[in-house]
Structures are given as structure tokens and as C-alpha cells.
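Trainee: Sharing a structure, written as C-alpha cells. Questions coming.
The values are calculated or read from the model by the stated rules, or taken from the named source; none is laboratory data. For clarity, every value in this text was computed on a predicted model and none was experimentally measured. Quick reminder, even Gly has a Cβ in these numbers, built from the backbone with ideal geometry, and neighbours come from all protein chains shown. Note: areas computed on protein heavy atoms with side chains; ligands, DNA, RNA excluded. Shrake-Rupley method; radii C 1.70, N 1.55, O 1.52, S 1.80 Å.
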Amino acid sequence: MISLGIGDPDTPTPAVVVEAMREQVARPDTHQYPSNRGRESFREAVAGFYAGRFGVDLDPASEVIPALGAKEAVANVNLAFLDPGDVALASDPGYPVYTTGPLLAGAEAVPMPLLPELGFQPDLEAIPAEAARRARLMFLNYPNNPTGGVIEDDFFARAVDFARRNDVIVVHDNAYSEITYDGYRAPSFLETPGAMDVGIEIFSLSKTYNMTGWRAGAVVGNRDLVGAYWQLKTNIDSGMFEALQEAAAAALRSDGSSVAEVCAIYQRRRDVLVAALRAIGLRVDPPRGAIYIWARVPDGETSASFTERVLEDAAVVISPGAAYGPSGEGFVRMSLTVPDERLNEAAERIAALVAA
């Protein structure tokens, strides 16, 4: 069995991060209860990264807070900002927590279809007026999981305008900004004029530094919203292990060479898989960001039927697009986080199955 289902990097965490963790975990001052505010060194490292990478100025004292990975942050913002009867506008297809999180808060998730003809952006003007009136949150994610869509136009500016007109908090899940290809560099939502007035961004180290198991990220942006998020967390958890905060800070201060190496690996795998899928007649465009291939299923198949056939007859696990929302029907997602030889084998098995 070969699994292309989950996006979990198969290459190791950079040595500079591992070595920093070795050193920090031996320090007794990291062993006590951490502060939910986070260590000053961690918050300054996040702010420094945002200044150098995106040109965004963040106050480490009030506009940065540690998060135990992006998933925890996405779920918790729902609890922090939604009341029963509120609406969260969720990317469709999108990360499942964009829709399950509002349910946990007693609110309603309203899907925003990501349209292929718009580069997998939602048509903000097509959002029903009643949903816009009740909306409190809008979840965005670029580079996008699962579609690989990227931002190259003024979409973030239009999202800021929509948020202002409708009193909506924009939550941008920035999990993949550093995993890009073909020379593309992804923007931060917070680069957009006015974004700091209406939103926050969730930054994750998981994919960028191969740290999925470490659970390290940050919520950054509007200080009132970051403060409200912190207020919730003080009643839910006791913060991030301080040795981990120091290791994460080391990752953010590193020279970026490990990230460039990872991107080169994924781009090579992307090209191999896209070529193989196109050779057997599947319609797929090479993504310029994130770590997934988003491919249309063969004619006559559904997302579920093709996924099941590939599993049963080729022993390859792929994800049905409909699992990420109704607009994902007709697509499947394949992860690039498997070694090259296994990815090549998976492509050959799928090709043989389709040919048969």
C-alpha cells in the first residue's frame, strides 16, 4: 500500500532546529509552566520573520501569540469569536476544520465555492446577503489546500473591503506560504493595506520546516483579535513548551536553505506526478504552491468511486475531493510527501489501472 493521502513531510526536521531543541530541553528554565503569551524570544523571532519575509511590522508584545499548530488555532478562533447563530464563511473545498470548528461553537459554516475559473478563489459578491449579514468569520487559505491555488491579483484587497463592509473577521490560514514553485513567492494577507484592521493570520512551521509532529505555530495580526484569542487560550491550555518555542525561534531565524531544499524536492515530485497523470488522460494543472496535486477524475467517475477503485485495484490511497467540501466533487487530492521511488510506483500503478 502506498499512501498519497496525508500531507505529512517525509524528510527530516532541519538539523539546526533539532540541535536547538537538544540544547533548550536541557535548560531547567524551560521545564516549568510556560506563559500563554509566549517567550519574548519566540515572539520576536516571529515578528522578525514577518518583517524580513513579508515586510509586515508586528509588535511582539501584542500582535503575536504562540499556537500549538495551525489546527488548534483554526479550531480555537471559532470558540473565541463565534456565538450560536453566527456564520463562518468557509473555503469550499477547504481544510475540514473550517467547517467543523464553527459547529463546535454552535455556529453555522456557510461554504464559499472556490471556482477553478477564478483561480480557486471565491466570488465574494456571490455570497448570499443573509449569510454575509450573519457572518462573523471568513476562512481563507493561500497557497490553498487542497487545490494548490495561489494569489497573484488583488483578491486580498477585495477580501479586506468585504470584511469592512460586513463587519467580518478574516482568518488567513498561512500554512504553505514558504512551499512554492517556479519562482512564485506567496504573499501574507497582512501585507494588504487595511488587513491588520480586519484580520489575523495563522502561521505554521509544520510544512515549512518539516515540524508536523512538533505542533508549533503562531497567531498574528490585529492586536484586539490576538488578545481575544489569548484570553480564550488561558482557559484551555497552558501554552507551548518553552524549549519548543526556542527551537521554533531557531527555525525562523535560520538562513532558509532547508526550505529551498524541500521546495526543490516537492517541485521535482510534482513534475513527475503531473506528467504521469497527464499521460493517462487526467486533467491536472501543476500547482505553484502547497504540497498536493488536485486532479480531475476520469469521465464517468465520482471522487468517491475513483478513490475507491484506486485503493482496491492499485493499492494507492488518495483523497476524494468531496471530503473537502461539495465543490471538491469531481477531483482527487494526492500528496507529494512520499519518497520519490514510492511516488513513481504509485503513478505507475494508477496509470496501469486507468489503462486497463
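Trainee: Going by a ≥ b ≥ c, the root eigenvalues of the Cα gyration tensor, does the chain fall in the rounded group (a/c under 1.5), the prolate group (a/b larger than b/c) or the oblate group?
Mentor: The shape class here is oblate.
Trainee: I would also like to ask the following. If you take every residue apart from Ala47 with its C-beta less than 14 Å away from the C-beta of Ala47, what net charge results, scoring Lys and Arg +1 and Asp and Glu -1?
Mentor: Working: positive: Arg37, Arg39, Arg43, Arg53, Arg223, Arg253; negative: Glu40, Glu44, Asp57, Asp59, Glu63, Glu201.
Every neighbour counted, the sum reads 0.
Trainee: Taking the Cβ-Cβ separation of Val272 and Val18 as r and a Förster radius of 25 Å, what is the calculated FRET efficiency to the nearest 0.05?
Mentor: It comes out at approximately 0.30.
Trainee: Here is a further query. Name the helices (complete DSSP H segments) of the chain with a Cα length along the long axis of 27 Å or more and a Kyte-Doolittle mean of at least 0.0, or state none.
Mentor: 257-279
Trainee: Express in whole angstrom the spacing between the alpha-carbon centres of segment 338-355 and segment 194-227.
Mentor: When both Cα centres are located, 35 Å separates them.
Trainee: Can you give me the relative contact order of segment 92-228 as a percent, contacts being Cα pairs under 8 Å and 6 or more apart?
Mentor: 17 percent
Trainee: Counting only heavy atoms of protein chains, what accessible area per residue, in Å², does segment 1-129 have with a probe of 1.4 Å? Walk me through the intermediate numbers first.
Mentor: Numbers: 5760 Å² over 129 residues.
With the other protein chains kept in place, segment 1-129 gives 45 Å² per residue.
Trainee: When a/c is below 1.5 the answer is rounded, else prolate if a/b is larger than b/c, else oblate, so apply that to segment 167-226 with a ≥ b ≥ c taken from the square roots of the Cα gyration tensor eigenvalues.
Mentor: Taking the square roots of the gyration eigenvalues as a ≥ b ≥ c, segment 167-226 is oblate.
Trainee: Oh, and also: Per the 1.4 Å probe, what fraction of the accessible area of the chain, in percent, lies on carbon and sulfur atoms?
Mentor: 52 percent
Trainee: Explain nothing, just the number: dipole magnitude of the chain about its Cα centre with +1 on each Lys and Arg Cβ and -1 on each Asp and Glu Cβ, in debye rounded to the nearest 20.
Mentor: My answer is approximately 260 debye.
Trainee: If Lys and Arg each add +1 and Asp and Glu each add -1, what is the summed charge of the other residues whose beta carbon sits under 15 Å from the beta carbon of Ser305?
Mentor: After counting each charged neighbour, the total is -4.
Trainee: So how much slack lies between Met1 and Asp224, counting 0.36 nm per residue of separation and subtracting their Cα-Cα distance, in nm? Don't skip to the answer; put the middle values down first.
Mentor: On the way: separation 223, 0.36 × 223 = 80.28 nm, distance 4.81 nm.
Length gained, Met1 through Asp224: 75.5 nm.
Trainee: Can you tell me the accessible area per residue over segment 201-356, all protein chains present, probe 1.4 angstrom, in square angstrom?
Mentor: So segment 201-356 comes to 39 Å² accessible per residue, rounded to a whole number.
Trainee: When ranked by the protection proxy of mean other Cβ atoms within 10 Å per residue, highest first, what sequence do the peptides 84-96, 341-353 form?
Mentor: 84-96, 341-353
Trainee: Starting from the Cα of Asp237, move 7 Å in the Cα-to-Cβ direction to define the label point; list residues of segment 85-101 whose amide nitrogen is under 17 Å from there.
Mentor: 97-98, 101
Trainee: Taking the Cα-to-Cβ direction at Asp8 and at Asp285 and moving 7 Å from each Cα, how far apart do the two end points lie in nm?
Mentor: 3.1 nm
Trainee: Here is a follow-up. Evaluate the distance, in nm, between pseudo-label points positioned 7 Å from the Cα of Glu125 and of Ala26 along their respective Cα→Cβ axes.
Mentor: According to this spin-label approximation, the distance is 6.3 nm.
Trainee: While we're looking at this one, here's another question. Quick check: pseudo-label points 7 Å beyond the Cα along Cα→Cβ at Asp57 and Glu191, how many nm apart are they?
Mentor: If labels sit at Asp57 and Glu191, their model points lie 1.8 nm apart.
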